[in-house]
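Have a look at the structure below, then the notes.
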Ligand SMILES: Nc1ncnc2c1ncn2[C@@H]1O[C@H](COP(=O)(O)OP(=O)(O)OP(=O)(O)O)[C@@H](O)[C@H]1O
Ligand SMILES: [Mg+2]
């Protein structure tokens, strides 16, 4: 043992391969698990049987010039909604919404809120619950009532300590009477396409039909001198498929159907939560292959390095071996001594590797930004994947710690047995005469 | 009568491929209990070879060696290790201490290879201390070999040889690297050990050293050429 301490630098360098290999094993499993959990969380939030189609605002150069003011037309159309809802038999439910941001006001309180034109199903599909009052109803939609439901955050900001239900809120230049307030909900994670993470707490919900008649499909923004107009009919359609095993095929039908009303796919995006799972698996496989190779190579190199150093040690300490034999050590005693030293060396490397592997989170952030900037640069196909990649956190797998430790000890045994036996085989007299 | 050690017509050959070196060519010597023998002879005459065989570090090519009443040819390698550990204490010309170990740790080494591998007890610690005092290194037990003089290192080696209380002490030119004053001190120690009843077999080139033994064996070309001080 003492002789190991004698060559700290040498021992440290020898352990490097072990350290890298073992930390790769830990990291590999942690990243695999992190990716899977992240994807499962996503899918759970978005619904495994849901398919989400969203409007995407195209880059500005494709704006149509109409009479001096440019009107940007894009996104989902009501006829898309009808087409998807009526022609695809596996779709059991289709929920359209239209979103825009507008100033909302109550007395002196003034906020910029996300106004969501929606249907009664919106509550359920987004796992929202009512704190008081009621949500938008079918009746509200049919009669195009001027009613609104406030999200908890919006209610707090506009009404502070007052009860908003029964009062009215001004959105733009029109008034809506408040019929309910939702319970605060954790913001959802971002999904691909255009959907950024949603903070459900700054919303105001109004009936979709009311929004159409009172606000129109054209949204004029008079900021920064020039004024731009945007025209879109719907922001999102959430489609529910009747069975999980038909989601993928339904998604393909939707992709085909959407082509009918859109020349190119630049102004909408389709997200299939279930496919995120598959992508997570793919990501896991990529990482496992990369890190698995690193682990295997490092462990092999580490093992050979350890064997090499132990062979050198045996040569250096030949005389010591002769002395020990003369003083009564059996061959097995010598084998055990050198094997123990090797295992201590590789086991220490293993422990350092485990600690390093557990700090994967930090290293991962660095790797992530690198990978993001090089690989996923703007690529649309990779965007869901990139998104998920940027949000997952490696999750160390508990059993990987003993596993990694046993691997390092195992490497010590495998690569230590030969030098140890070479030491034991030395003839005592020859060994004593060495040097 | 049973001897401490007995060699009967032993030969030792080294097969070097092209030639066979016959280092011992038929040696028979009896070593009674409590004997003190000096083995002399010119360089290459086979003294060390004989001593290694006596120390059960090697087996003869022909002939028999009987130690503790048992013929070596019937003893397994592991049991030979046990015999070296329990019955024999080695002292070498070049001391052969383990450099990274302290004095105490060096003296301890034979204790680690005892039968059944008992851990070092308080009693063992006390014995190590006593041995340290006996060889006059009681205040240097935590020093390392490179911090000691040759004479001091040889004292550590003597303490180490004695730690398992062996019956036979084998010494190959124990004073070969020492000045005459230190040589006298070391020889004084060996004489005392012999007086305690231990059998001592020692290789030496020095007449002055050899005459301190009870008897002398003179070797030449792998055989015993005579007994008594040369020339005499
Ligand atoms: N391992 C070996 N292989 C080949 N020849 C050997 C070996 N060991 C000893 N010999 C030879 O055996 C002979 C006796 O050697 P040994 O070491 O016993 O001599 P010695 O009497 O101790 O000499 P010295 O006084 O120089 O120590 C020598 O000729 C030596 O070369
Ligand atoms: Mg010799």
Per the filter on segment B:23-43, residues assigned to a strand (DSSP E or B) and within 16 Å of ligand 2 (Cβ to nearest atom) are B:23, B:24, B:27, B:37, B:38, B:39, B:40, B:41
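Of all the residues that make up segment B:102-118, how many are out of contact with any helix residue (DSSP H, G or I) (no Cβ under 7 Å at 6 or more places or on another chain) and either at the interface with chain A (Cβ under 8 Å from one of its Cβ atoms) or assigned to a helix (DSSP H, G or I) (or both)?
Initially, segment B:102-118 is screened for residues out of contact with any helix residue (DSSP H, G or I) (no Cβ under 7 Å at 6 or more places or on another chain), giving B:102, B:105, B:112, B:116-118.
Applying the additional criterion that residues be either at the interface with chain A (Cβ under 8 Å from one of its Cβ atoms) or assigned to a helix (DSSP H, G or I) (or both) yields B:105, B:112.
Qualifying residue count, segment B:102-118: 2.
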Among all residue pairs at least 6 apart or on different chains, which show Cβ distances below 8 Å where the first residue, located in segment B:43-54, is modelled with pLDDT of 95 or more and the second is surrounded by fewer than 21 Cβ atoms within 10 Å (Cβ to Cβ) and assigned to a helix (DSSP H, G or I)?
B:52/A:429
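Could you tell me which of the residues A:364, A:374 is surrounded by 15 or more Cβ atoms within 10 Å (Cβ to Cβ) and either out of contact with any strand residue (DSSP E or B) (no Cβ under 8 Å at 6 or more places or on another chain) or modelled with pLDDT under 85 (or both)? Let's see the steps before the verdict.
Numbers: A:374 fails: surrounded by 15 or more Cβ atoms within 10 Å (Cβ to Cβ).
Matching residue, one of A:364, A:374: A:364.
Considering only residues that are more than 9 Å from ligand 1 (Cβ to nearest atom) and within 25 Å of residue B:206 (Cα to Cα), which ones fall in segment B:45-56?
First, the residues of segment B:45-56 that are more than 9 Å from ligand 1 (Cβ to nearest atom): B:53-56.
Correct list: B:53, B:54, B:55.
With the condition kept exactly as written, say whether any residue in segment B:44-58 is away from chain A (no Cβ under 14 Å) and either in a helix (DSSP H, G or I) or within 16 Å of ligand 2 (Cβ to nearest atom) (or both). Spell out the reasoning first.
Taking segment B:44-58 as the starting set, the residues that turn out to be away from chain A (no Cβ under 14 Å) are B:44-45.
Filter once more, so that each one left must be either in a helix (DSSP H, G or I) or within 16 Å of ligand 2 (Cβ to nearest atom) (or both): B:44-45.
Yes, some residue in segment B:44-58 is away from chain A (no Cβ under 14 Å) and either in a helix (DSSP H, G or I) or within 16 Å of ligand 2 (Cβ to nearest atom) (or both).
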Identify all residues within segment B:59-93 that are surrounded by fewer than 19 Cβ atoms within 10 Å (Cβ to Cβ), in contact (Cβ under 8 Å) with a residue 40 or more places away in the chain and at the interface with chain A (Cβ under 9 Å from one of its Cβ atoms); write none if there are none.
B:86
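So if I check each of A:334, A:343, A:323, A:354, which one is within 8 Å of another protein chain (Cβ to nearest Cβ) and assigned to a helix (DSSP H, G or I)?
Values: A:334 fails: within 8 Å of another protein chain (Cβ to nearest Cβ); A:343 fails: within 8 Å of another protein chain (Cβ to nearest Cβ); A:354 fails: within 8 Å of another protein chain (Cβ to nearest Cβ).
It is A:323.
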Among the numbered criteria (1) more than 16 Å from ligand 1 (Cβ to nearest atom); (2) touching a strand residue (DSSP E or B) at 6+ places or on another chain (Cβ under 8 Å); (3) more than 14 Å from chain A (Cβ to nearest Cβ), which single criterion is violated by residue B:204?
(1)
Tally up the residues in segment A:281-320 that are within 14 Å of chain B (Cβ to nearest Cβ) and either buried (at least 21 other Cβ atoms within 10 Å of the Cβ) or touching a residue at least 12 places away in the same chain (Cβ under 8 Å) (or both), please.
5
What helices (runs of 4 or more DSSP H) completely inside segment B:129-232 contain at least 3 residues that are surrounded by 20 or more Cβ atoms within 10 Å (Cβ to Cβ) and touching a residue at least 12 places away in the same chain (Cβ under 8 Å)?
B:150-162, B:180-195
Exception for residue B:42 within (1) within 21 Å of residue B:178 (Cα to Cα); (2) within 16 Å of ligand 1 (Cβ to nearest atom); (3) surrounded by 15 or more Cβ atoms within 10 Å (Cβ to Cβ) falls at (3)
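The values are calculated or read from the model by the stated rules, or taken from the named source; none is laboratory data. No experiment lies behind these values; they were computed from the predicted model shown. Positions of Cβ are generated from backbone atoms using ideal geometry, with glycine treated the same way; all protein chains shown enter the neighbour counts.
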